[in-house]
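See below for the structure under consideration.
The values are calculated or read from the model by the stated rules, or taken from the named source; none is laboratory data. None of the values given here were measured: they were computed from a predicted structure. So basically every Cβ, Gly included, is an ideal-geometry build from the backbone, and we count neighbours across all protein chains shown. For the accessible areas, the whole protein counts, side chains as well, though only heavy atoms, and no ligand, DNA or RNA atoms are used. Shrake-Rupley method; radii C 1.70, N 1.55, O 1.52, S 1.80 Å.
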Amino acid sequence: MIWSIAWKNVWRKKTRSIVVIISIALGIWGTIFTYAFMIGWVNQRVYAVLNSEVSHMQIHHPKYKENNDMQYTIPNGNKIINDLGSISGVKTYSKRVEIGAMANVSSKSTGVIINGIDVENEKQVTEIYKNIIDSAGTYFDSKKSNLIIIGDKLAKELKLTRYTITPELISSLRNKKLPESLTTKLDSLIGINYRVEAKFETALQETLGEELATQYFYLIKNKAISYKIRSKIILTFQNANGELSGAAFRLAGVFKTSNSMFDGMNVFVRNSDLQAISGFSDQQFHEIAIMVTNTDSLNLIQQEIQAKYPELQVETWREIQPEMALSSDYMNISYYFFLVIILFALSFGIINTMLMVVLERIKEIGMLMAIGMNKMKVFLMIMFETVYLAMVGGFVGMIFSALTVWRTGQSGIDLTAFVGEGMEAMGYSAYVFPEISIDYYFGTGIMIILTALIAAIYPARKALKLNPADAIRSDA
Amino acid sequence: MKVIEVKNLHKTYDEGEVKVEAVRGIDLTFEQGEFAAIVGPSGSGKTTFLNMLGGLDTPTKGEIDIDGVKVHNMKGSALIDFRMKNIGFVFQAYNLIPVLSAKENVEFIMRLQKMTKIERDTRAEELLKAVGLGDRMNSRPSKLSGGQQQRVAVARALASKPKFILADEPTANLDSKSTETLLDIMEKLNKEENITFIFSTHDARVVKKARRIITVEDGKIISDERKS
Ligand SMILES: Nc1ncnc2c1ncn2[C@@H]1O[C@H](COP(=O)(O)OP(=O)(O)O)[C@@H](O)[C@H]1O
Ligand SMILES: [Mg+2]
């Protein structure tokens with residue numbers, strides 16, 4: 001009975017209640033959506049760390065990582081490779097030779113890390129092969145020797161790119177419902193090749209005008225770009241014996257991950273090709289990357305391998321990328337910290353509203369107490385009313401959050417136009433797919449109810465202090 | 001049969017420097033089935049006296065005995081409980097819960113008393129018919145006239161089967177037509193069901209209907225007349 005009266009009381013001053021409800025809903029929506037955005041972002045980064053960059057675990061010679069001295073290959077590497085298969089929980093693994101080198105294309109040159117890999121094993125461990133850009137070659141599909149895979153960033157640095165407006169590009173822009181004024185103007189650029197991004201941008205600005213060009217540059221650029229597959233890239237480095245060595249490789253494919261720094265640094269060649277020039281034998285390599293079946297047992301597997309090879313450095317991705325692990329782990333705590341601040345602010349609105357409620361109803365509450373409603377029930381009535389108000393606001397906010405998170409989680413939020421290259425330079429994707437687990441909703445719901453209960457105490461106590469005789473007499 | 005016995009009742013409001021002696025030495029008894037009016041000018045102490053009778057306010061001095069229970073000694077939830085079970089209240093205004101219908105308002109007090117649903121339903125309907133609102137049972141107070149609201153309040157006061165009903169200026173906000181209807185209903189309930197009504201007023205038309213007229217001035221009884 002008390003709870004149903006309290007519910008009806010919520011709707012007595014509709015406008016006022018709705019204002020409170022909307023403010024709570026907005027606070028909750030803002031909190032959940034912001035975090036869904038950040039969680040989605042961090043999770044994508046973690047995914048990239050695990051599946052393109054670091055893998056779950058890596059084994060090195062303990063001195064190798066001090067300054068990537070390539071003398072420190074893993075002792076008895078092949079024996080370890082043979083043993084890993086029998087360790088339970090280890091899913092896949094791949095060995096790599098890593099050599100610092102200069103990459104040259106005609107006049108351009110830049111420093112890179114050559115990753116000498118076993119293609120089939122590598123595919124089991126990293127997803128670089130899935131990140132080959134459309135119509136930018138393949139991941140060692142050809143049987144030819146001395147093939148090389150490089151990242152999009154490096155391809156641009158080495159000027160292995162070309163920007164061309166094609167009729168297909170224009171019709172695909174038309175399909176995207178871009179303004180007709182834009183697509184017709186672009187016609188004049190059909191067939192012209194631009195080797196450098198900056199020149200292409202200038203050309204676009206001249207034809208489209210400043211405004212359209214800035215707005216659509218990123219989109220058009222990503223469609224106009226093509227890579228000079230089969231170009232020759234010369235790699236020069238010191239071999240295992242300290243002598244200068246090198247060879248020409250043919251560009252087989254270009255990949256793009258969400259981490260442009262990674263894309264700018266790493267090139268992949270077949271280990272068998274590298275051996276011929278590096279001076280390293282089949283037995284010598286620097287790194288073993290491991291994926292496990294279940295990440296929950298990651299630490300146990302690490303301990304097992306470490307115990308077996310005490311002389312080696314066995315690290316999980318958390319140790320290799322500690323800042324990444326930290327931001328992932330602290331998401332939860334920081335969410336509740338943020339939520340508490342938001343709820344604290346909202347609680348003032350709730351307290352204020354409920355104080356007004358008590359003040360407005362002094363006579364009514366006096367009457368209720370006079371006819372026999374005890375203090376407990378009066379207290380509960382105000383409590384219920386507050387909790388309902390907060391719960392409705394919370395519920396609306398959470399429904400709205402769930403819808404927006406779901407919707408943007410499907411389509412992704414495209415930040416390319418704003419921060420694209422900046423984010424990618426830091427390893428974060430410019431497409432964010434917000435996500436948040438259901439636990440957050442439960443936790444938030446509980447926090448809202450707690451806030452309401454705490455906020456209700458002061459107004460409810462005010463109601464309790466009323467003396468029925470005075471309350472009825474009062475002229476309020 | 002004696003229902004209420006009041007002995008040497010005093011109430012002094014202590015407002016710091018000024019002390020207001022609102023009631024100073026009232027001795028009275030009420031019998032079952034009385035229809036009594038407390039009459040007096042504004043500020044004479046009527047409300048203060050009725051509040052003490054109803055256990056809403058505690059006397060500074062004196063005794064109130066209701067059917068053998070010393071009400072002046074009661075406190076807290078025991079007092080609230082006693083009020084709920086023994087006394088029906090009708091106030092000048094703000095008698096009803098705005099979010100409940102007439103019938104739900106009458107039922108409310110029976111719910112507090114934990115009566116069964118069937119009991120509540122039949123009694124609420126019966127009482128609302130008795131006050132002439134059989135056709136307005138599902139209306140909320142805001143949809144009723146002032147007179148109708150006071151009649152619902154009378155029905156609500158009766159719902160708990162109290163020993164008596166206290167009504168502090170029940171007609172103060174009503175026009176003469178509604179005043180008459182309300183008093184006729186109260187009179188009828190008094191005659192037919194032997195319900196005890198004690199009400200305050202300073203309206204001459206209301207006074208005329210009373211069978212006992214207690215006149216107070218400055219917190220004291222100056223006359224107590226019974227009509228036959
Ligand atoms: N809570 C209170 N504090 C101080 N004085 C009060 C209080 N309630 C009533 N009084 C005073 O007591 C006197 C009697 O008031 P009241 O019982 O309301 O008279 P009536 O109902 O006959 O108009 C008045 O002088 C009034 O001002
Ligand atoms: Mg009065």
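Listed residues B:103, B:85; which is surrounded by fewer than 19 Cβ atoms within 10 Å (Cβ to Cβ) and among the basic types (Lys, Arg)?
B:85
Here are some conditions: (1) open to solvent by 20 Å² or more (accessible area, probe 1.4 Å); (2) assigned to a helix (DSSP H, G or I); (3) within 14 Å of another protein chain (Cβ to nearest Cβ); (4) farther than 27 Å from residue B:210 by Cα. Residue B:122 meets all but one. Which one does it not meet?
Failing condition for residue B:122: (3).
When the stretch A:245-277 is examined, which residues are found to be more than 34 Å from the chain's Cα centre (by Cα), closer than 20 Å to residue A:109 by Cα and of a type outside the set (A, V, I, L, M, F, W, C)?
Scanning the stretch A:245-277 gives A:245, A:246.
In the stretch B:1-17, is there at least one residue being open to solvent by less than 50 Å² (accessible area, probe 1.4 Å) and on the phi > 0 side of the Ramachandran plot?
Looking through the stretch B:1-17, none of the residues is open to solvent by less than 50 Å² (accessible area, probe 1.4 Å) and on the phi > 0 side of the Ramachandran plot.
Report yes if residue A:32 is over 30 Å from residue B:110 (Cβ atoms), more than 14 Å from every other protein chain (Cβ to nearest Cβ) and over 32 Å from the mean Cα position of the chain (by Cα), otherwise no.
The answer is no for residue A:32.
Suppose we filter B:52, B:84, B:110 for residues that are more than 16 Å from ligand 1 (Cβ to nearest atom), touching a Leu at 6+ places or on another chain (Cβ under 7 Å) and under 28 Å from residue B:173 (Cβ atoms); which single one remains?
B:84
Across the stretch B:170-193, what is the number of residues that are away from every other protein chain (no Cβ under 14 Å) and within 16 Å of ligand 2 (Cβ to nearest atom)?
2
Among what's in the stretch B:155-169 and is within 13 Å of chain A (Cβ to nearest Cβ) and part of a loop (DSSP other than H, G, I, E, B), pick the residue that is nearest to ligand 1 (Cβ to nearest atom).
Residue satisfying both the conditions and the ranking: B:169.
Given the criterion within 14 Å of chain B (Cβ to nearest Cβ), under 19 Å from residue A:26 (Cβ atoms) and not acidic (Asp, Glu), identify the matching residue among A:440, A:388.
Just a single option satisfies the conditions, and that option is A:388.
Within the stretch A:185-267, which helices (runs of 4 or more DSSP H) (wholly inside it) include 2 or more residues that are out of contact with any Ser or Thr (no Cβ under 6 Å at 6 or more places or on another chain) and more than 16 Å from residue A:164 (Cα to Cα)?
A:210-224, A:260-265
I'd like the residue in the stretch B:194-228 that is in a strand (DSSP E or B) and within 15 Å of ligand 2 (Cβ to nearest atom) and, out of all such residues, is most open to solvent (accessible area, probe 1.4 Å).
Among those residues, the one meeting the criterion is B:217.
Under the condition of being over 16 Å from the mean Cα position of the chain (by Cα) and aliphatic (A, V, I, L, M), which residue from the stretch B:15-54 is farthest from the other protein chains (Cβ to nearest Cβ)?
The selected residue is B:28.
Give me a count of the residues in the stretch B:170-188 that are part of a helix (DSSP H, G or I) and open to solvent by 10 Å² or more (accessible area, probe 1.4 Å).
Count: 9.
Just for the stretch B:55-69: of the residues that are within 14 Å of another protein chain (Cβ to nearest Cβ), more than 13 Å from ligand 2 (Cβ to nearest atom) and surrounded by 20 or more Cβ atoms within 10 Å (Cβ to Cβ), which one is farthest from residue B:188 (Cα to Cα)?
Checking each candidate, the answer is B:59.
Scan the stretch B:31-49 residue by residue and report those that are open to solvent by less than 20 Å² (accessible area, probe 1.4 Å) and more than 13 Å from ligand 1 (Cβ to nearest atom).
Correct list: B:33, B:34, B:35, B:36.
Going through A:372, A:366 one at a time, which residue ends up being within 14 Å of another protein chain (Cβ to nearest Cβ), more than 21 Å from residue A:439 (Cβ to Cβ) and at pLDDT below 90?
A:372
Being part of a strand (DSSP E or B) and of a type in the set (Lys, Arg): is that true of residue B:85 here?
no
Is there a residue in the stretch B:130-149 that is touching a residue at least 40 places away in the same chain (Cβ under 8 Å), crowded, with 19+ Cβ neighbours inside 10 Å and within 14 Å of chain A (Cβ to nearest Cβ)?
yes
With without any contact (Cβ under 8 Å) to a residue 24 or more places away in the chain and not in a helix (DSSP H, G or I) as the only criterion, which of B:114, B:191 stands out?
Step by step, each of B:114, B:191 is checked, and only B:114 is without any contact (Cβ under 8 Å) to a residue 24 or more places away in the chain and not in a helix (DSSP H, G or I).
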